[in-house]
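To start, the structure under review is shown below, and the notes come after it.
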Amino acid sequence: MTSTAQAVETFDSLDPATDAVVGTHPVHSADDVNAAVSRAREAAGWWDSLGFAGRAERLRRWKGVVARRMDELCAVVSAETGKPAGDAQLEVVLAVEHIEWAARNARKVLGRQRRSPGLLMSNQAATVEYQPLGVVGVIGPWNYPVFTPLGSISYALAAGNAVVFKPSEYTPGVGRWLVDAFAEAVPEYPVFDLITGFGATGAALTRADVDKIAFTGSAETGKKIMATAAERLTPVIIEAGGKDPLLVDADADLDAAADAAVWGAFSNAGQTCVGVERVYAHTDIHDAFVDKVVERAKKVEPGSDYGPMTMPAQLDVVRSHITDALARGGRALLGGTDAVGERYVRPTVLVDVPDHSEAVCRETFGPTVTITRVADMDEAVDKANNSTYGLGSTVFSKRRGTELARRLRTGQTAINAPLSFAGIASLPFGGIGDSGFGRIHGPEGLREFARPKSIARQRFPTPVALTTFARTRKTEDAIRKLVSRLHGRR
Ligand code: NAD
């Protein structure tokens, strides 16, 4: 941390492959955060007044800037996270799809809708519309610094809110780029603004006069955020970590399943909230499946197929999970404790790891995977569900994919393809248990950032007035008879 001539505290973001300084950013204080939220509140009024069409047009302008200058954004993502250019591009492409979906669907999902008033209130016209909350604070992680926060930001903006964004301290440059690109497309007001810093800056945003906090990060930080938000009764969405299982049935396409397990476990160096961390394979195909996974995993090269661990402290977590697994009788068919280097971790495939070990119970967030033999798919479902987490899951099965998917206690499940739900903008995304609550993406994601406003308008006076002291005995009798005829039949 350094100080500039104006005595503004700053911090550097580093390239995790080399420790080279990528950029220097302010550590914003609580006063700075409050000032940003006040500016955002002013901007929110203007943004709301544009209506769905005005906002959609401007969101598309922003989308255009991101799509045209994608290479520039990808370079910042790669520099700050260490991920290969192709992976950076994948997350930017998916994020662009989300901006478009939110812009295109906001009116349909949130606009005024008529509701049936029911027989007793048939003299009323009933409508509901979803109004913006005002200012939304978004706190993001570093692992997918574009795709993950934009899953909240695009939907909050399309719903008519202003957003103050606090990116991870590991990826402030990506946050800066996104906000600058938005300002280029929407120069009038700071509808989407940035604050940077560490946990204390995030805590200040949580404590500020915001109408909702959308948090993505670890479950531990999520709990702190909820406690802080409780001081003002500020609602929160918590998108936390996972320990995602992949189930392989006896009739599965084993090559496809092995490919998905390898990519799901090792891409982005395993630093994916919905990455595959546990595999449950039917005993009939277990050995053949394990061979295919090991064969493929041997070809995955750290440094080209995926980058270094973005957060150096994670190396100790990965090492301790592997050590614990081996100490409890697990075997490393590939990798092992030696796979954990100073920056990079080589792919590690573990078998015979007991259910209660760290590598099976806790989020490892590194390029490791456990494969467990199960007698049948009921056992696979039981073991998969025996977790405090419940984010994503994957099933490979020819005949029973949907049935097994429905029984898995996770927010989303992909069948016969890895993580496919994350790329479908119309599908809600979120967790259960320690993976958090609330939903981003899709119609549910738009509604997270809006409050329903119900309006009942009397069209003509009712012949049976119920809500008046002038109500008569005759009216009460008539209503009793009507309700008993309508609802009291045996
Ligand atoms: P983290 O919890 O350490 O930090 C996340 C953000 O919270 C950062 O911006 C950080 O500065 C901020 N923060 C820290 N302390 C705070 C506090 N007291 N008050 C307010 N803000 C605070 O998580 P991380 O290491 O950046 O991200 C990795 C985690 O995120 C993993 O567990 C991963 O599974 C999870 N994740 C979840 C999803 C999802 O959609 N569910 C997506 C990506 C990542």
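Annotations
- Subset of the stretch 190-199 that is not β-branched (Val, Ile, Thr) and not in a helix (DSSP H, G or I) - its residue that is nearest to the ligand (Cβ to nearest atom): 198
- Top-ranked residue of the stretch 438-490 - restricted to ones that are outside any loop (DSSP other than H, G, I, E, B) and among the polar types (S, T, N, Q), ranked as nearest to residue 134 (Cα to Cα): 454
- Matching entry among 424, 455 (being away from the ligand (no atom under 11 Å from the Cβ), out of contact with any Phe, Trp or Tyr (no Cβ under 6 Å at 6 or more places or on another chain) and within 30 Å of residue 250 (Cβ to Cβ)): 424
- The one condition from (1) crowded, with 24+ Cβ neighbours inside 10 Å; (2) within 14 Å of the ligand (Cβ to nearest atom); (3) within 18 Å of residue 136 (Cα to Cα) that residue 438 does not meet is (1).
- Every listed requirement among (1) under 19 Å from the mean Cα position of the chain (by Cα); (2) hydroxyl-bearing (Ser, Thr, Tyr); (3) not in a helix (DSSP H, G or I) is met by residue 130 save one, (1).
- For first residues located in the stretch 374-395 and farther than 21 Å from residue 358 by Cβ, partners that are assigned to a strand (DSSP E or B) and of a type in the set (S, T, N, Q) and lie 6+ apart or on another chain with Cβ distances below 8 Å form the pairs 394/413; 395/413.
- Members of the stretch 229-238 that are more than 9 Å from residue 435 (Cβ to Cβ), in contact (Cβ under 8 Å) with a residue 24 or more places away in the chain and within 13 Å of the ligand (Cβ to nearest atom): 231, 234, 236, 237
- Just so you know, in the stretch 133-159 the residues that are more than 11 Å from the ligand (Cβ to nearest atom) and surrounded by fewer than 24 Cβ atoms within 10 Å (Cβ to Cβ) include one that is farthest from residue 47 (Cα to Cα), and it is 133.
- Residue match in the stretch 172-194 (condition: under 27 Å from residue 308 (Cα atoms) and among the hydroxyl-bearing types (Ser, Thr, Tyr)): no
- Selected residue (criterion: farthest from residue 141 (Cα to Cα)) from residues of the stretch 205-228 that are assigned to a strand (DSSP E or B) and more than 9 Å from the ligand (Cβ to nearest atom): 212
- Out of 241, 264, 202, sole residue that is open to solvent by less than 10 Å² (accessible area, probe 1.4 Å), in contact (Cβ under 8 Å) with a residue 12 or more places away in the chain, outside any strand (DSSP E or B) and closer than 30 Å to residue 45 by Cβ: 202
- Members of the stretch 160-199 that are open to solvent by less than 10 Å² (accessible area, probe 1.4 Å) and among the small types (Gly, Ala, Ser): 160, 162, 168, 175, 181, 185, 197
- Identity of the residue in the stretch 171-189, under 18 Å from the mean Cα position of the chain (by Cα) and in contact (Cβ under 8 Å) with a residue 60 or more places away in the chain, that ends up nearest to the ligand (Cβ to nearest atom): 171
- Residue satisfying condition, being over 30 Å from residue 247 (Cα atoms) and buried (at least 20 other Cβ atoms within 10 Å of the Cβ), within set 448, 476: 448
The values are calculated or read from the model by the stated rules, or taken from the named source; none is laboratory data. The shown structure was predicted, so the numbers you read here are calculated from the model rather than taken from an experiment. Here the Cβ is made from the backbone with ideal geometry for all residues, glycine too, and neighbour counts use every protein chain on show. Heavy atoms of the whole protein, side chains included, go into the accessibility calculation; ligands, DNA and RNA do not. Shrake-Rupley method; radii C 1.70, N 1.55, O 1.52, S 1.80 Å.
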